[in-house]
Amino acid sequence: MTDTAASTSPTPAGPHVIPRDVHGISRKQMSPNALRVLYRLREAGFGGYLVGGAVRDLLVGGAPKDYDVATDATPEQVRALFRNCRLIGRRFRLAHVVYGREIIEVATFRANGGDDEGDRLTDDGGRLLRDNIYGSIEDDAIRRDFTANALYYAIEDFSVRDYTGGYADVQARLLRLIGEPEARYREDPVRMLRAARLAAKLGFTIEAATAEPLPRLAPLLAEAAPARLFEETLKLFLSGHAVASFELLEATGLLPALLPETAQALASNKSGALRRMLVQGLRNTDARVAAEESVSPAFLYAVLLWPAYCRALALLQAQGVHAVEAQRRAADRVSLHQVARTALPRRFSLPMQEIWLLQPRFALRQRKRVFRLLAHPRFRAAFDFLELRLTASDSHAGDVAFWREAQLHPAQAVDASEHAAGDADDPHEADPADAGAADDGGAPRKRRRRRRNGAAAQAPA
Ligand code: ATP
Ligand code: MG
């Protein structure tokens, strides 16, 4: 091993080795491509280890979604072994071995230790700015985040090597940070979100000393790169365990750091209607993931930020801002503030806003408007959202019924509605702001001035 820095072993006694017949992971469960990489490394005289989420997931009986390999070969040595290999990353070079759509990531053992090595920079708060030195397998183990993520499956004897006590923790279903928790969170605050996410995903308990600093250090997340927080948010909520993730974010005090305005709106919503709706939206998302249906970040963010939107809208309307203008401004404001926290790309924030701004239009039933809304590219998402809002309030149950029918038989639905419109008290004539203005996510507010033809006074353009 040429480039490997000399390093001290954190466990001079060596790893705890768990033999094949004890850990029970079989090569049959693994990606054949990952195995190919491991065997190739071994044939060439290098160490080849499966590491990280894949080993953890195999131990708990899950199917890994990707495979990471660690080795003592340098990236250049890895590239020389595989035709289908490219090197990526500037700060720390990684090898990607590409098999069609599957990429096996091969990383050289890396160290973070050795404070006076100059290659490791932290800022005043202890946050890691740069780390790019190779190390031993023990170094590589202790720079990882959780003990469960630091287990190495060795191709040479099919054993699992454990340098941090991760094997026992996995057996006990415990998520435990390696090292001193506060220091590890300060180095990289995103580890706090990873704790909540992995505990939710695996059904693990966050070990007490690992959980303790979370509410206290949650504000450090404001220093994390918004793009990384966006990626983490998608992993938290679009991987099939959104409800569990949300509940853990609440319990650990991380929610206000990730979704500040939503957390504030939920806290001030005494009836709990907004939270009920949000959780139902996440439950639906989990069901879609389980059924292998598509899920969209735009709809997810529409759900996550709806409480913030309702609150902003209610505040603007209390200041006397005209309904349509208030809706537009509330949507803009909430997106803008959230983007500063989790970089939400416009290709998601624009459809998210459309889903919100279409809500009042479901209260309008003139023939032309009905057909126009049905043809709107965001109609389906906006209607799903309208249905979801029933969890918070059933004041628009009539609209949901109308639009269900209108999707099947638009002309008949409009005719029937026009017949009924003779009635002066027709609930369908409500102010469009009713559909989204209330700070309870949809409870009707007092009626405003109406036009004679039954359309609402302030119909959005
Ligand atoms: P998932 O199931 O979501 O893929 P994972 O644990 O595999 O979970 P990855 O982001 O794929 O997560 O990371 C792979 C491995 O890299 C982790 O298992 C862990 O060992 C290490 N790692 C990832 N992020 C960090 C971090 N912020 N700090 C230290 N180690 C990390
Ligand atoms: Mg992974």
statement: Here the qualifying pairs (Cβ atoms under 6 Å; residues six or more apart or on different chains; first in region 251-276 and open to solvent by 60 Å² or more (accessible area, probe 1.4 Å); second not in a loop (DSSP other than H, G, I, E, B)) come out as Pro256/Ala263; Arg275/Leu266; Arg276/Thr391
query: Counting residues that are modelled with pLDDT under 95 and away from ligand 2 (no atom under 16 Å from the Cβ), which strands (runs of 3 or more DSSP E) fully inside region 98-202 reach at least 2?
result: 120-122, 128-131
field: Members of region 231-248 found to be in contact with a Lys or Arg (Cβ under 9 Å, 6 or more places away or on another chain) and over 15 Å from Met277 (Cβ atoms), listed by number
entry: Glu232, Lys235, Leu236, Ser239, Gly240, His241, Ala244, Ser245, Leu248
statement: Restricting region 52-74 to residues that are among the small types (Gly, Ala, Ser) and under 31 Å from the mean Cα position of the chain (by Cα), the one farthest from Arg173 (Cα to Cα) turns out to be Ala70
- prompt: Residue check, Leu94 against (1) open to solvent by 20 Å² or more (accessible area, probe 1.4 Å); (2) in contact with a strand residue (DSSP E or B) (Cβ under 9 Å, 6 or more places away or on another chain); (3) within 16 Å of ligand 1 (Cβ to nearest atom); (4) modelled with pLDDT of 95 or more, all met but one. Which one?
  reply: (4)
- prompt: Quick one: would you say Gly61 is surrounded by fewer than 21 Cβ atoms within 10 Å (Cβ to Cβ) and at positive phi?
  reply: yes
query: Considering only helices (runs of 4 or more DSSP H) fully contained in region 234-307, which possess at least 2 residues that are basic (Lys, Arg)?
result: 273-290
task: Answer yes or no as to whether Phe348 is under 17 Å from Ser245 (Cβ atoms) and either among the charged types (D, E, K, R) or open to solvent by 30 Å² or more (accessible area, probe 1.4 Å) (or both).
output: no
query: closer than 27 Å to Gly165 by Cβ, under 24 Å from the mean Cα position of the chain (by Cα) and within 16 Å of ligand 1 (Cβ to nearest atom) - does that describe any residue in region 40-51?
result: yes
- request: Keeping to region 51-88, report how many residues are closer than 25 Å to Ala148 by Cβ and either part of a strand (DSSP E or B) or more than 16 Å from ligand 2 (Cβ to nearest atom) (or both).
  value: 7
- request: Looking only at region 395-418, decide whether some residue is part of a helix (DSSP H, G or I), of a type in the set (Gly, Ala, Ser), at pLDDT 95 or above and open to solvent by less than 60 Å² (accessible area, probe 1.4 Å).
  value: no
query: Can you name every residue in region 34-50 that is within 16 Å of ligand 2 (Cβ to nearest atom) and without any contact (Cβ under 8 Å) to a residue 40 or more places away in the chain?
result: none
message: Please pick out the residue among Glu156, Glu232, Glu187 that is farther than 30 Å from Gly45 by Cβ, acidic (Asp, Glu) and open to solvent by 20 Å² or more (accessible area, probe 1.4 Å).
response: Glu187
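The values are calculated or read from the model by the stated rules, or taken from the named source; none is laboratory data. These numbers were taken from a predicted model, which means no experiment stands behind them. Every residue, glycine as well, gets a Cβ built from its backbone with ideal geometry; the counts of neighbours run over all protein chains shown. Quick note on the areas: whole protein, heavy atoms, side chains included, nothing else; ligands and nucleic acids left out. Shrake-Rupley method; radii C 1.70, N 1.55, O 1.52, S 1.80 Å.
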